[in-house]
1. What is the fewest-to-most order of 125, 52, 105 by other Cβ atoms lying within 10 Å of their Cβ?
2. Test of understanding: express the Cα radius of gyration of the chain as a ratio to 2.2 N^0.38 Å, with N the residue count.
3. Using the Cα atoms of the stretch 1-56 to build a convex hull, what is its mean projected area in square nanometres?
4. Provide the gained length on full extension for the span residue 79 to residue 37, in nm with one decimal, where the gain is 0.36 nm per separating residue minus the Cα-Cα distance.
5. With the contact rule set at Cα under 8 Å and sequence spacing of 6 or more, what percent relative contact order holds for the stretch 1-48?
6. Remind me, relative contact order of the chain in percent, using alpha carbon pairs under 8 angstrom and six or more residues apart?
């Protein structure tokens, strides 16, 4: 299977000293469970996901955190986030209103949101 091939190839790279840790990009719970069932060595240490206050992906975050897998949040750029908040209507406007009430930018409030949830957030590049 793909997961067996993926685990085997990454394990070989770790043994050769070419990779220090293995992780995934957008791995879902069932995929991580399959890797864990296979008892991959080394285990998955991180999982990247596009996580925002509007799309918190609580299920995958809780799953990763309960298994000591670092959940890394890939933040979207401010323009995309602003459009996303507009599409969500009143729920999406809450971040803008909160930021204004605190005298902060929406990005500052968003960074605080990530830190409060124990997420490592990678800000967007231009």
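Just so you know, all these numbers are worked out from the coordinates, no wet-lab data involved. These numbers come from a predicted model, not from an experiment. Using ideal geometry, Cβ is built from the backbone for each residue, glycine included, and neighbour counts are taken over all protein chains shown.
1. Ascending Cβ contact count within 10 Å gives the list 125, 105, 52.
2. Normalised Rg, Cα atoms only: 1.25.
3. Computing the convex hull of the Cα atoms and averaging its projections yields 4.2 nm².
4. Net length gain for the segment: 11.1 nm.
5. 45 percent
6. Relative CO of the chain lands at 21 percent.
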